[in-house]
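> One structure, pasted below without further comment.
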Amino acid sequence: MHALKEKNVLICVGGGIAAYKAPELVRRLLDVGALVQVAMTKAAQAFITPLTLQAVSRRPVASDLLDPGEDATIGHIDLADRADVIIVAPATADLIARMAQGRADDIVTAALLASRAPVVVSPAMNSNMWAHPAVTANVDTLRSYGHRIVAPDRGELACGHEGEGRMPDADVLIAELTAALTPQDLTGTTVLVSAGPTREPVDPVRVLTNRSSGRMGYAVAECAARRGANVILVSGPTNLASPRHCRTIPVETAAEMQTAIRDHVIASDVVVMVAAVADYRPVSPKNSKIKKNDDEFVLRLEKTEDILAGLRAARGERILVGFAAETDNVVANAKSKLQRKQLDLIVANDVSADGAGFDVATNSATLIDREGGETETGLVSKHDLADKILDRVVALRSDRRGAIREAK
Ligand SMILES: Cc1cc2nc3c(=O)[nH]c(=O)nc-3n(C[C@H](O)[C@H](O)[C@H](O)COP(=O)(O)O)c2cc1C
C-alpha cells in the first residue's frame, strides 16, 4: 500500500511557469490513492485556471482568501486542519519570501501559517533568482521551520537560461511527500550500502558478471535516505539512476568495491551488503582480445576478496547486514553465512522462487538475526522488504545501545 493512500494532500500552486506541471502532480497523487485538495495564489491563476485543477482533482479549488462563499466551504483554516501533508509546487521566489516572513495575505500563505502538517517546498525559478542570496536566506529560513526543500533540477529553463531552477517531475515530488510522512528513525545514522553486480575483466571486451540489477540495494539506499539516514551507496554497474539524497560511488570490480567499502566503513553506523560480488575472477586478464581459435578454452579463476570478512576487524558497534542469494537449502546456508561472517542480520533470499531475486520489482526473504529470530516476509516489493530490513536494523541498534548503557 502506498504511504500516501487516503492521506489528505494539500497542493499549493504558486505563480510560476512550472504551474503547468501541477495537473500532472494532482493526477499522479490520485493514482496512488491520495485525497488531493488544490489551493492557488492569485498569480498562479494567470498561468493555469482553477477550472483545470478542479477538473483533475475532482474538488473545488481554494483560490480566494476573502471570498465569503469560498470561506464557508474551503476556508484557509479548514484547508490547514484537514491536510496530512502540504506541498508548495511550484514555490516562486515571492511565495518563498512571504512564507519565510510568516505573511498570511492570500489563501496559500494563510493556510500554510495555520497548519501543523509537514510541508514540502519545490522551488522553481530562473537560475539567477535561485542563486540570489535573498532567496538562499529565505529558503534557509523555511528549512529552519522544518520544511523539506526539494532542490530544483538543472536544465534548460523556460526563460531561455540554462541552470538550476526546474521543478522536478511528479515522481520525485511524490517521493518527497512520502518522506515527509515517514518517521525519521535513522536521522544521524550513516548507512553504507553495496548494490549491483561486479564485473571482472577477461580481456578488453569481455567480463565475468552476474544477473544482479541493483534494484534491491538501491531500494535499501532510498528507504534509508527517506528515513533520515546519510546514505553512501557503493554501486556496481547498473542501469539505475543514482537515488536522490544518497552519495553514490560507482565501482566495477570486486577489488574496487572492497576498497570503496573499506574507505567508508569507519564513517558508517550500519553496513548493508546487498551487492552480488563475484566470488572468482580471471587470474590473468588479457590486454588484447582473446581470439576464437581452439574448440575448447580454459579460463583460470582465482578467489576475489571476501568483503564481509574484511569488515570484521572494523566492526566496532556497527550493525552488519548481509544478503544470502541462494537456490538450495536457503535458510541453512544463510544461517551458516551469518555465523561465519559474524553478521547481526542476514536476508536469506531464494533467488529461484517466482517473483523473487534478480531483476524483478518484488522479493521474498527470511530475515535471520544472531539471536536466532526468523521472520518470513512473504512476497513484497523490494522497497517494502528494504523497510522491513531497516525496521530490524533500528531495533538492533536500540538493543545494542541499551546493552552498552547497561554495561557502563
Ligand atoms: C511569464 C512569467 C513567468 C514567471 N515565472 C516565474 C517562475 O518560474 N518562478 C518565480 O519565482 N517567479 C516567476 N514569475 C514571477 C511571479 O509570477 C511573480 O513573482 C508573482 O508575484 C508570484 O506570485 P505568487 O508567489 O503569489 O504566486 C514569472 C512571471 C511571469 C510574468
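> Out of Ser213, Ser235, which single residue is crowded, with 24+ Cβ neighbours inside 10 Å, under 25 Å from Thr304 (Cβ atoms) and either touching a strand residue (DSSP E or B) at 6+ places or on another chain (Cβ under 9 Å) or without any contact (Cβ under 8 Å) to a residue 40 or more places away in the chain (or both)? Outline the logic, then answer.
Working: Ser213 fails: crowded, with 24+ Cβ neighbours inside 10 Å.
When all the criteria are applied, what remains is Ser235.
> Being more than 13 Å from the ligand (Cβ to nearest atom), more than 18 Å from Thr109 (Cα to Cα) and either surrounded by 17 or more Cβ atoms within 10 Å (Cβ to Cβ) or more than 32 Å from the chain's Cα centre (by Cα) (or both) is the requirement here; does Leu51 meet it? Explain how you work it out, then say what you get.
Details: more than 13 Å from the ligand (Cβ to nearest atom): yes; more than 18 Å from Thr109 (Cα to Cα): yes; either surrounded by 17 or more Cβ atoms within 10 Å (Cβ to Cβ) or more than 32 Å from the chain's Cα centre (by Cα) (or both): yes.
Here the answer is yes, as Leu51 does meet what is asked.
> What number of residues within the range 190-234 satisfy the criterion of being under 19 Å from Arg281 (Cβ atoms) and of a type in the set (Asp, Glu)?
Looking only at that region, the number is 2.
> Still on this structure: Do we find a residue being within 13 Å of the ligand (Cβ to nearest atom), crowded, with 17+ Cβ neighbours inside 10 Å and part of a loop (DSSP other than H, G, I, E, B) anywhere in the range 20-42? Before the answer, list the steps.
Within the range 20-42, the first condition is being within 13 Å of the ligand (Cβ to nearest atom), and the residues that meet it are 20-22, 39-42.
Still in the list and also crowded, with 17+ Cβ neighbours inside 10 Å: 21-22, 39-41.
Narrowing the set further to residues that are part of a loop (DSSP other than H, G, I, E, B) leaves 41.
The answer is yes, given that some residue of the range 20-42 is within 13 Å of the ligand (Cβ to nearest atom), crowded, with 17+ Cβ neighbours inside 10 Å and part of a loop (DSSP other than H, G, I, E, B).
A quick yes/no check of all residues on (1) surrounded by fewer than 21 Cβ atoms within 10 Å (Cβ to Cβ); (2) away from the ligand (no atom under 11 Å from the Cβ); (3) more than 25 Å from the chain's Cα centre (by Cα); (4) not charged (D, E, K, R):
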{"residue": "Thr109", "(1), (2), (3), (4)": "no, no, yes, yes"}
{"residue": "Leu112", "(1), (2), (3), (4)": "no, yes, yes, yes"}
{"residue": "Ser115", "(1), (2), (3), (4)": "yes, yes, yes, yes"}
{"residue": "Val119", "(1), (2), (3), (4)": "no, yes, no, yes"}
{"residue": "Pro123", "(1), (2), (3), (4)": "no, no, no, yes"}
{"residue": "Thr141", "(1), (2), (3), (4)": "yes, yes, no, yes"}
{"residue": "Ala158", "(1), (2), (3), (4)": "yes, no, yes, yes"}
{"residue": "Gly163", "(1), (2), (3), (4)": "yes, yes, no, yes"}
{"residue": "Met167", "(1), (2), (3), (4)": "no, no, no, yes"}
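> So how many residues does the range 52-66 have that are within 19 Å of Gly14 (Cα to Cα) and either of a type outside the set (A, V, I, L, M, F, W, C) or assigned to a helix (DSSP H, G or I) (or both)? Even if it seems obvious, please write down each step before you answer.
Residues of the range 52-66 within 19 Å of Gly14 (Cα to Cα): 52-57, 59-66.
Cutting the leftovers down to either of a type outside the set (A, V, I, L, M, F, W, C) or assigned to a helix (DSSP H, G or I) (or both) gives us 52-57, 59-60, 63-64.
Here the count works out to 10.
> Here are Ser127, Ser63: which of them is farther than 25 Å from Leu51 by Cα, in contact with a Lys or Arg (Cβ under 9 Å, 6 or more places away or on another chain) and more than 9 Å from the ligand (Cβ to nearest atom)? Spell out the reasoning first.
Working: Ser63 fails: farther than 25 Å from Leu51 by Cα.
Ser127 is the lone residue from the list that is farther than 25 Å from Leu51 by Cα, in contact with a Lys or Arg (Cβ under 9 Å, 6 or more places away or on another chain) and more than 9 Å from the ligand (Cβ to nearest atom).
> Filter the range 71-107 down to residues that are within 16 Å of the ligand (Cβ to nearest atom) and outside any helix (DSSP H, G or I), then give me how many there are.
Total meeting the criteria: 12.
> Report the residue count in the range 339-379 for those that are within 27 Å of Arg318 (Cα to Cα), under 27 Å from the mean Cα position of the chain (by Cα) and not small (Gly, Ala, Ser).
16
> Looking at (1) touching a Gly at 6+ places or on another chain (Cβ under 9 Å); (2) part of a strand (DSSP E or B), which one does Val321 not meet, given that it meets all the others?
For Val321, the failing item is (1).
> Moving to a separate point now. Is it true that Gly155 is on the phi > 0 side of the Ramachandran plot and at pLDDT 95 or above?
Numbers: on the phi > 0 side of the Ramachandran plot: yes; at pLDDT 95 or above: no.
No: the conditions fail for Gly155.
> Need pairs with beta-carbon distance below 7 Å; first residue over 30 Å from Asp344 (Cα atoms) and outside any loop (DSSP other than H, G, I, E, B) and within the range 291-310, second modelled with pLDDT under 90 and not basic (Lys, Arg); sequence gap 6+ or separate chains.
Going by the 7 Å Cβ cut-off, there are no qualifying pairs.
The values are calculated or read from the model by the stated rules, or taken from the named source; none is laboratory data. Not measured: the values here are computed from a predicted model. For neighbour counting, all protein chains shown are included, and Cβ atoms are generated from backbone atoms with ideal geometry for every residue, glycine included.
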